[in-house]
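The values are calculated or read from the model by the stated rules, or taken from the named source; none is laboratory data. Keep in mind the model is a prediction, meaning the values are calculated, not measured. Heads up, the Cβs are rebuilt from the backbone with ideal geometry, glycines too, and the neighbour counts pull from every protein chain shown. Calculation scope for accessible area: heavy atoms of the full protein, side chains included, ligands and nucleic acids excluded. Shrake-Rupley method; radii C 1.70, N 1.55, O 1.52, S 1.80 Å.
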Amino acid sequence: MYYNIAESGARLKKLRNQEGLSREVLAETLGISSETVRRIERGKNGTSIDTLVLFAEYFKVSLDYIVCGCENNRYADIFCGLEEKEILFLRKMAESVKENMGYLKG
């Protein structure tokens, strides 16, 4: 397994599109230029680890997913065989459950 900038860029573009964001809005939110986002998404440029971390935090995915296209954690088997949109759906459900856990403690 290796870092393929074209595949990584395609994953980032897909994440952006799933959120319904323009390149310009994403770039402004992350504090980078829209041209940088365009070149990363098209696989013309790799990027720094700092920028990859920005993307990962923003889209709530792992660096493993962005760089390699896989999840490398103890819950990876739960996501095995699912499409990206299904994984994102489960992540959002888990985040919602986590937010509501506070009500159980009170």
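Which ones in the stretch 79-92 are modelled with pLDDT of 85 or more and open to solvent by 100 Å² or more (accessible area, probe 1.4 Å)?
85, 89, 92
Open to solvent by 70 Å² or more (accessible area, probe 1.4 Å) and under 14 Å from the mean Cα position of the chain (by Cα): which single residue out of 24, 41, 7 fits that description? Steps first, answer last, please.
On the way: 24 fails: under 14 Å from the mean Cα position of the chain (by Cα); 41 fails: open to solvent by 70 Å² or more (accessible area, probe 1.4 Å).
Result: 7 is the single residue among 24, 41, 7 that is open to solvent by 70 Å² or more (accessible area, probe 1.4 Å) and under 14 Å from the mean Cα position of the chain (by Cα).
If we scan the stretch 66-78, do we find a residue that is modelled with pLDDT of 85 or more, surrounded by 14 or more Cβ atoms within 10 Å (Cβ to Cβ) and either acidic (Asp, Glu) or in a helix (DSSP H, G or I) (or both)?
Taking the stretch 66-78 first, the residues modelled with pLDDT of 85 or more are 66-67.
Now narrow it down to the ones that are surrounded by 14 or more Cβ atoms within 10 Å (Cβ to Cβ): 66-67.
Within this subset, residues satisfying the condition of being either acidic (Asp, Glu) or in a helix (DSSP H, G or I) (or both) are 66-67.
Yes, the stretch 66-78 contains a residue that is modelled with pLDDT of 85 or more, surrounded by 14 or more Cβ atoms within 10 Å (Cβ to Cβ) and either acidic (Asp, Glu) or in a helix (DSSP H, G or I) (or both).
Can you name every residue in the stretch 34-73 that is within 18 Å of residue 92 (Cα to Cα) and basic (Lys, Arg)?
60
For the stretch 1-37, which positions are farther than 14 Å from residue 58 by Cα, of a type outside the set (S, T, N, Q) and touching a helix residue (DSSP H, G or I) at 6+ places or on another chain (Cβ under 6 Å)?
1, 3, 9, 24
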